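Scroll down for the structure; my scribbles are underneath it.
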Amino acid sequence: MVHLTRRRFLAGAGVAAATLSLSGYATAYETGSALTLAEYSPRLPNWPEDLELRIAVIADIHACYPWMSDERVGEIVDLANAQKPDLTVLLGDYVCTHRFVSGYVPPDAWAEQLSRLEAPLGVYAILGNHDWWFAAIPTEPADNSRSVRRALAQAGVPLLENQSVRLSQNGRPFWLIG
């Protein structure tokens, strides 16, 4: 029969703590901190084959500390700009609603970073469900996305809501709908 000594208990607790820490780091922090660039070449029915369009798509920012600071949003902007897109679209959910955060990023801070996005055909945004349902700062009452709208407007990013914009690439018109 093996007796549990203080030394064995502390050694086991140390191994368990190290394993738990490493697992937490690998799943919660590391996977969320590495920026990933994915490129897709969709084939759209009835889209002219000679009309090539490079679109940067940024979605689900959920700005909060420590996961998505305004500096990290800036890194995403830099990565998107480096791709030299013709058009950039922001697909909403700028607001963080996670419970396990150390702080919230005010809308003007992340919007200032988004204002640096560059694309010849423009940068356009839509709202996500989190932008509608929650306040930009959870300690404040939900504002039906007014703070997000204001931040995007101050950043010079048009918000498309049940609207369309006619754009043109190489003399070929197309519609962007939001």
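The values are calculated or read from the model by the stated rules, or taken from the named source; none is laboratory data. Computed from a predicted structure; not experimentally measured. Every residue, glycine as well, gets a Cβ built from its backbone with ideal geometry; the counts of neighbours run over all protein chains shown.
In the list Pro106, Pro158, which residue meets the criterion of being surrounded by 12 or more Cβ atoms within 10 Å (Cβ to Cβ), touching a helix residue (DSSP H, G or I) at 6+ places or on another chain (Cβ under 9 Å) and under 16 Å from Val89 (Cβ atoms)?
Pro158
Test Pro120 against the stated conditions and say whether it is closer than 24 Å to Leu51 by Cα, touching a Lys or Arg at 6+ places or on another chain (Cβ under 8 Å), touching a residue at least 24 places away in the same chain (Cβ under 8 Å) and outside any helix (DSSP H, G or I).
no
Scan region 94-103 and tell me whether some residue there is surrounded by fewer than 20 Cβ atoms within 10 Å (Cβ to Cβ), closer than 28 Å to Gln169 by Cβ and at pLDDT 90 or above.
Of the residues in region 94-103, the ones surrounded by fewer than 20 Cβ atoms within 10 Å (Cβ to Cβ) are 97-103.
Then drop every residue that is not closer than 28 Å to Gln169 by Cβ, which leaves none.
Checking region 94-103: not a single residue is surrounded by fewer than 20 Cβ atoms within 10 Å (Cβ to Cβ), closer than 28 Å to Gln169 by Cβ and at pLDDT 90 or above.
Could you pull out the residue among Glu112, Glu75 that is over 12 Å from the mean Cα position of the chain (by Cα), of a type outside the set (A, V, I, L, M), assigned to a helix (DSSP H, G or I) and in the same structural domain as Leu127 (by TED's automatic domain parsing)?
Among Glu112, Glu75, only Glu112 is over 12 Å from the mean Cα position of the chain (by Cα), of a type outside the set (A, V, I, L, M), assigned to a helix (DSSP H, G or I) and in the same structural domain as Leu127 (by TED's automatic domain parsing).
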